[in-house]
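Shown next, in structure tokens, is the structure this report addresses.
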There are 2 protein chains.
Amino acid sequence: MPEAAAAPTGDSGFGFEILAHDFASRARCGRLATPHGAIETPAFIFCATKAAIKGLTPDQMRAAGAQIILSNTYHLMVQPGADTVAALGGLHRLTGWDGPMLTDSGGFQIFSMGHGSVADEVKGRGQRFSQSSLIKVSEEGAVFRSYLDGARLTLTPEGAIAIQRKLGADLIVQLDECTPFHVDRTYTEKSMAMSHRWGDRCLAEFARGDDGRQALYGIVQGGVYPDLRAESSAYTRDRPFFGTAIGGSLGADKDQMRQVVGWCMDHVHPARPVHLLGIGGIGDILAGVAMGIDTFDCVHPTRVARHGWALMKGAEGERVNLRNARFRTQADPLDPDCPCPACARPAGYLHHLVKAGEPLALSLVTAHNVTTMTRLMAEIRAAIPLGRLAEVAAAWLAGDAEG
Amino acid sequence: MPEAAAAPTGDSGFGFEILAHDFASRARCGRLATPHGAIETPAFIFCATKAAIKGLTPDQMRAAGAQIILSNTYHLMVQPGADTVAALGGLHRLTGWDGPMLTDSGGFQIFSMGHGSVADEVKGRGQRFSQSSLIKVSEEGAVFRSYLDGARLTLTPEGAIAIQRKLGADLIVQLDECTPFHVDRTYTEKSMAMSHRWGDRCLAEFARGDDGRQALYGIVQGGVYPDLRAESSAYTRDRPFFGTAIGGSLGADKDQMRQVVGWCMDHVHPARPVHLLGIGGIGDILAGVAMGIDTFDCVHPTRVARHGWALMKGAEGERVNLRNARFRTQADPLDPDCPCPACARPAGYLHHLVKAGEPLALSLVTAHNVTTMTRLMAEIRAAIPLGRLAEVAAAWLAGDAEG
């Protein structure tokens with residue numbers, strides 16, 4: 001297939017410009033343009049799983065510095081359905097978020113459930129299904145059961161594109177089979193080859209209806225095998241995808257994850273934006289940025305907020321537990337340098353709200369965690385052209401021995 | 001005791017000015033000044049029960065037009081405790097709400113539980129107690145058990161003032177015994193007399209520590225007996241309270257409630273602000289305003305939002321159920337005249353959020369209900385000087401036969 005060179009950034013449409021490189025790592029700063037505005041990279045993409053950030057309005061997300069949000073095709077297929085989203089005017093109109101958006105292909109949730117490793121997002125919320133909801137996976141696509149009403153749903157590569165077109169996000173993603181860590185090399189290799197064929201079908205379907213309002217990412221699979229990762233990275237590189245997403249199993253621990261990402265980064269298209277799927281720890285982001293990753297997404301910052309954890313620069317484990325009694329009478333803010341609404345109040349108030357189960361705890365702690373992530377990314381972007389990424393990492397990871 | 005004439009409104013401190021009268025009813029417009037700013041009356045006071053509006057920040061409350069919020073002394077005594085609130089700088093510092101605030105005395109929750117009629121607020125949230133938590137009521141005060149940890153707590157008239165001083169709201173309320181509907185005249189009369197003695201003890205305790213930063217309301221009791229209501233209204237009128245609150249049992253239905261309020265309004269101090277405790281229905285507010293009530297409070301607008309009900313001008317029953325399937329594909333806003341963030345989106349989105357149990361449903365629907373109440377009060381204030389209150393009532397209650 002012909003190569004689609006990344007277009008220069010324009011006032012409308014898509015483009016990706018690399019603006020600066022770190023001289024001590026592969027880190028880079030860029031500008032990713034979409035019809036709903038541009039984002040400065042490296043950037044974090046916040047998860048509005050079912051077309052809503054849990055507890056924050058788009059205005060609050062903007063105030064917290066968020067540039068881009070994503071929604072999950074799988075969840076929206078189940079509820080309220082892609083046709084309903086389309087009838088209501090698409091995701092931007094629905095949510096009131098007028099900035100860039102991404103949707104995934106739906107594959108991750110379907111397969112993570114099917115393979116017996118229920119996705120974190122799903123664990124956190126909808127506890128209505130008690131067993132695997134994946135009925136069948138074949139060359140054609142995946143058949144699965146709605147966790148809401150048991151309805152039989154089918155997702156093919158063509159369907160994943162059609163549905164994402166109805167949803168209307170700027171950045172969309174090919175369908176892939178997301179293999180878990182425990183499958184063997186033979187399965188991983190066969191699955192990867194099928195994901196590549198699915199990628200080609202997604203490209204064809206995308207080209208058929210392309211109106212310039214969406215751009216498609218290919219996905220790198222290949223599990224924990226360096227040659228497969230190289231092969232899959234080359235696959236995405238040699239096809240006219242707008243961007244590259246690194247998916248699949250990234251290994252058993254942080255070290256292996258960084259190793260796997262490294263194998264991919266040696267072979268992906270160097271001029272295209274690279275997204276690392278589902279990674280949101282501060283240390284992991286800093287490591288990913290140093291390897292050249294441009295965007296990240298994860299439910300982590302918003303999910304831990306729901307459980308009373310506040311992300312903190314320099315804290316042990318990258319976060320603090322607001323239920324801890326040491327905060328009970330703390331009249332000072334949690335982080336005096338943080339401009340978020342939670343840190344405009346005494347830390348003891350956040351402790352009270354979390355302990356009392358007040359819904360406002362969710363809003364305020366989520367606003368804090370989103371703000372903390374956008375501050376991290378802003379510090380990273382400021383440091384890269386100056387070659388000071390290591391200083392940023394040292395400051396943010398000061399609380400951890402492994403940092 | 002000497003009479004404290006309501007002071008004229010100043011730049012700081014307390015005052016109540018009556019600015020306009022309706023010529024067809026006893027309705028009036030006023031300006032109630034506090035050290036944290038003035039509120040235009042008639043006004044609605046929103047319930048931040050445990051020092052937080054459920055799901056909205058103070059900024060969002062301001063944007064929704066709220067002028068004043070209240071917190072419940074009872075709930076704050078139990079969690080996090082008045083001393084903790086004081087250590088954190090008081091309610092204004094805690095919440096970040098810099099406008100006027102009111103606290104109740106704690107009596108309503110203690111007695112409504114003790115008499116076997118659990119308060120609505122408590123039903124909605126903390127379901128951790130299974131029986132009456134009132135241990136003993138005597139001339140001295142009330143002894144009750146914390147629903148959180150079983151701790152024995154005492155509330156006396158002096159204690160209610162001391163605690164409210166620690167909490168630091170602008171407007172505070174005397175301790176009273178809040179009698180339910182089912183008690184007889186003998187009990188009601190004896191209880192009322194005790195509440196009056198408690199009122200005098202509150203006034204004495206208030207005077208001992210008065211630094212000009214708080215103002216005290218007396219409470220009218222007397223159940224459903226016209227002579228007792230007259231006697232209790234006269235009691236508050238003849239004491240140096242800043243304002244008058246109408247409490248206790250207001251009867252078995254809306255008609256009796258309006259009758260009881262009418263008996264009180266014939267005898268309360270005409271120059272002081274009058275607050276009607278715990279009433280928040282649109283029809284009831286319109287009726288209360290016509291009888292001369294200046295302020296109202298109720299958990300109703302925020303509580304029904306949590307269950308997916310949106311308050312609506314002219315709707316049957318004053319509200320609509322967002323779970324109703326008719327909203328599923330409604331791309332138009334719920335109320336095109338409403339400036340709230342919920343009505344900036346398709347109604348179908350709100351339906352989706354409510355059905356999916358998304359936390360954002362709470363924020364958006366609460367913002368809508370708060371906005372709807374502040375729009376109602378603004379229309380009421382605009383209509384009173386023009387003698388057009390009946391037109392406002394007709395428009396808002398168009399959906400109800402009884403309106």
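Every read-out reported here was derived from the displayed coordinates using simple, explicitly stated rules and does not represent laboratory data. It should be emphasised that the depicted structure is a prediction, and the values quoted were computed from it without experimental measurement. Ideal geometry is used to build each Cβ from the backbone, glycine not excepted, and the neighbour counts take in all protein chains shown.
The ratio of the alpha-carbon radius of gyration of the protein assembly as shown to the globular-protein estimate 2.2 N^0.38 Å is 1.07. Residue by residue, segment A:82-87 carries 3J(HN,Hα) couplings of 5, 5, 5, 4, 5, 4 Hz when phi is fed to the Karplus relation 6.51 cos²θ - 1.76 cosθ + 1.60 (θ = phi - 60°); x denotes Gly or Pro.
With θ taken as phi - 60° and the Karplus curve 6.51 cos²θ - 1.76 cosθ + 1.60 applied, the whole-hertz 3J(HN,Hα) list for segment A:63-80 is 4, 7, x, 5, 9, 8, 10, 10, 10, 9, 4, 4, 5, 6, 4, 6, 7, x Hz, x standing for glycine and proline. Sorted shortest first, the distances from the A:ALA24 label point to those of the same residue in the other copies are 7.7 nm; each point sits 7 Å from Cα along Cα-to-Cβ. Counting Lys and Arg as +1 and Asp and Glu as -1 over every other residue whose Cβ lies under 9 Å from the Cβ of A:GLY107, the net charge comes to -3. 3J(HN,Hα) along segment A:133-140: 9, 7, 8, 7, 10, 9, 3, 5 Hz, from the Karplus curve 6.51 cos²θ - 1.76 cosθ + 1.60 with θ = phi - 60°, whole Hz, x for Gly and Pro. Close amide H pairs (under 5 Å, H built 1.01 Å from N) link A:ILE293 with no residue at least 5 positions away or on another chain.
With the helix formula -39500 (n - 2.57) applied to DSSP H stretches of n ≥ 4, chain B reaches a computed 222 nm mean residue ellipticity of -11500 deg cm²/dmol. About its Cα centre, the dipole of the protein assembly as shown is roughly 860 debye, where the only charges are +1 on Lys and Arg Cβ and -1 on Asp and Glu Cβ. Taken about its Cα centre, chain B carries a charge dipole of about 1060 debye when Lys and Arg each add +1 at the Cβ and Asp and Glu each add -1 at the Cβ. Only the Cβ atoms of Lys and Arg (+1) and of Asp and Glu (-1) were treated as charged; on that basis the dipole of segment B:181-281 about its Cα centre amounts to roughly 140 debye.
Measuring from each cysteine beta-carbon in chain B, the ones with no other cysteine beta-carbon under 4.7 angstrom are B:CYS29, B:CYS47, B:CYS178, B:CYS202, B:CYS264, B:CYS298, B:CYS340. Specify which residue in the list A:PRO385, A:ALA395, A:THR366 is farthest towards the positive end of the charge dipole of segment A:307-396, using unit charges on the beta carbon of Lys, Arg (+1) and Asp, Glu (-1), about the Cα centre. Value: A:THR366. Rg over Rh for segment B:254-403 works out to 1.02, both radii taken from alpha-carbon positions and Rh defined as the Kirkwood radius. Summarising the overall dimensions of segment A:307-396 from its C-alpha atoms, the Rg and Dmax are 13.9, 45 angstrom.
For labels at B:ALA390 and B:ALA151 in the simple 7 Å Cα→Cβ model, what's the distance in nm? A separation of 5.6 nm, rounded to one decimal place. Pair-distance distribution of chain B: all C-alpha pairs, bin width 10 Å, starting at 0; shares per bin in whole percent are 5, 23, 34, 27, 10, 1, 0. Comparing mean-square fluctuations of A:GLU318, A:GLU231, A:GLU140 from a GNM of chain A with C-alpha springs under 10 Å, the top value falls on A:GLU140.
Placing R0 at 45 angstrom, the Cβ-Cβ distance between A:ASP83 and A:GLN256 gives a FRET efficiency of 0.65 after rounding to 0.05.
As a size descriptor, the averaged projected area of the C-alpha convex hull of segment A:246-321 was calculated at 5.4 nm². Of all lysines in the structure, those lying under 25 Å Cα to Cα from B:LYS190, and not within fewer than 8 positions of it along the same chain, are B:LYS136.
The trypsin sites (Lys or Arg not before Pro) of segment A:284-339 meeting both criteria, a DSSP state outside H, G, I, E and B (loop) and at most 15 other C-beta atoms within 10 angstrom of the site's C-beta, are A:ARG323. Computed from the C-beta positions of B:ASP266 and B:ASP211, the FRET efficiency with R₀ = 45 Å rounds to 0.85. Amide H contacts under 5 Å for B:LEU153: B:PHE144, B:ARG145, B:SER146, restricted to partners 5 or more places along the chain or on a different chain, H placed in the peptide plane at 1.01 Å from N. Annotation for A:ALA378 and A:ALA20: the two label points, set 7 Å from Cα along the Cα-Cβ direction, are 1.5 nm apart. Using alpha carbons only, the radius of gyration of segment A:231-271 set against its Kirkwood radius gives Rg/Rh = 1.00. When each copy gets a label point 7 Å from Cα toward the beta-carbon at A:LEU148, what are the spacings between them in nm, shortest first? Here the equivalent label points are 3.8 nm apart from this one.
Altogether, the Stokes-Einstein calculation at 25 °C and 0.890 mPa s, with the Kirkwood radius of segment A:165-260 over Cα pairs as Rh, returns a diffusion coefficient of 178 µm²/s. Take every pair of alpha-carbon atoms less than 8 Å apart whose residues are at least six positions apart; their mean separation over the length of chain A yields a relative contact order of 17 percent.
Between A:GLU205, A:GLU139, A:GLU40, the residue with the greatest mean-square fluctuation in the GNM of chain A (Cα pairs under 10 Å linked by springs) is A:GLU139. Model label points for B:ILE135 and B:TYR187, set 7 angstrom from Cα along the Cα-to-Cβ axis, are 2.2 nm apart.
Between B:LEU386, B:LEU322, B:LEU171, the residue with the greatest mean-square fluctuation in the GNM of chain B (Cα pairs under 10 Å linked by springs) is B:LEU386. Checked against a 25 Å cut-off, the cross-linked pairs A:LYS54/B:LYS313; B:LYS54/B:LYS166; B:LYS50/B:LYS166; B:LYS50/B:LYS355; A:LYS50/A:LYS166; A:LYS54/A:LYS166 give Cα-Cα distances beyond that limit for A:LYS54/B:LYS313; B:LYS50/B:LYS355. Can you list the residues, at least 5 places off or on another chain, whose amide H is less than 5 Å from the amide H of A:ILE45, using H built in the peptide plane? Amide H neighbours of A:ILE45: A:PHE296, A:ASP297, A:CYS298. Label-point spacing for A:PRO339 across the identical copies (point 7 Å from Cα in the Cβ direction), in nm and ascending order: 2.6.
Screening chain A for DSSP H helices whose Cα atoms reach 30 Å or more along their own axis and whose mean Kyte hydropathy is at least -0.5 gives A:359-383.
Between segment B:238-260 and segment B:350-403, how many Å separate their Cα centres? Taking the Cα centre of segment B:350-403 as reference, the centre of segment B:238-260 is 24 Å away.
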